[in-house]
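What follows is a set of notes on a single structure, which appears directly below.
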Amino acid sequence: MVKRSLPVTIAAILFFGTTLVQAYEVRVEEVINNPTVIYKKALSVDVTLGIWNRVLDNPCLMGRLWEIYKFQPSYKVTKVDTGIHVSDPSGITGDIRRVGQSDHARTFYGTGRFDHWAVPSFFTANGVAIFEYKTDRNRLSGEVKIFMRGNNGISRFVMKIFSGILTRRINNRIENNLEDMKKIIRDIANDPHKVREALAGQLMSDFNKVFPVMEIKPAKE
């Protein structure tokens, strides 16, 4: 059960959140300098820099759109004082915060665990996700680097043993999630009216605040 379930634990760090870098600087450096597992993935998205950065900076809104599109897994994203809390039906839970940013980069820090009766509670881990990218007109390319570190000796030992399984699970999750997220981004950029038709109330207001009507223009082929 641990072999099958533990690799999923760390997937929660792949989501996004907000906070100040100073409060987590020591933990972030520890994860990056002494990771248990490292994962890297090239990124390529047909999107402008402005829309992409707004996507990364508004995880709760994107989580709600994910629900409306009925993509799987069915993530539940809620705002908390320090950033966001993420969970899904498989038992993945995580608390995520943005800890750094520039025009062409975002850094996120998160803690993840697997909320399941068959997995001991001490199997937890911290992670840092660094997105670095550049744009050429309406095409964005770059890389996401994931650094993961178990919170204790047992977690680190098990993660190292199953590091191959862990990285494959993370790769599958990232590839599938990114492909689905591209569909939402494409609609935001090319057909925002279609997105707005599915929204109402506060969600509509939040969407228009992040993606103002007059600022969204169809991407050129």
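Nothing in this text is a laboratory measurement; each read-out follows from the coordinates by a stated rule. Being a predicted model, the structure only gives us computed values, none of them experimental. FYI the Cβ positions are ideal-geometry reconstructions off the backbone, even for glycines, and counts take in every protein chain you see.
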(request) Enumerate the aspartates and glutamates that residue 194 could reach by cross-link, defined here as Cα to Cα under 20 Å, with residues fewer than 8 away along the same chain left out. (result) 46, 67, 179, 180, 206, 215, 221
(request) Could you tell me whether segment 24-139 comes out rounded, prolate or oblate from its Cα gyration tensor? Rule is a ≥ b ≥ c as square roots of the eigenvalues, rounded for a/c under 1.5, then prolate if a/b exceeds b/c, otherwise oblate. (result) oblate
(message) Under the 0.36 nm per residue contour assumption, what length would be gained going from the current alpha-carbon distance of residue 27 and residue 178 to full extension?
(response) 51.7 nm
(message) What does the extension gain come out to for residue 42 and residue 81, with contour length at 0.36 nm per residue minus their alpha carbon separation?
(response) 10.9 nm
(request) Can you check what the net charge comes to around residue 143, using other residues whose Cβ is under 11 Å from the Cβ of residue 143 (Lys, Arg +1; Asp, Glu -1)? (result) +3
(request) State the extension gain, in nm to one decimal, for the chain segment bounded by residue 213 and residue 49, taking 0.36 nm per residue of separation less the distance between their alpha-carbons. (result) 57.3 nm
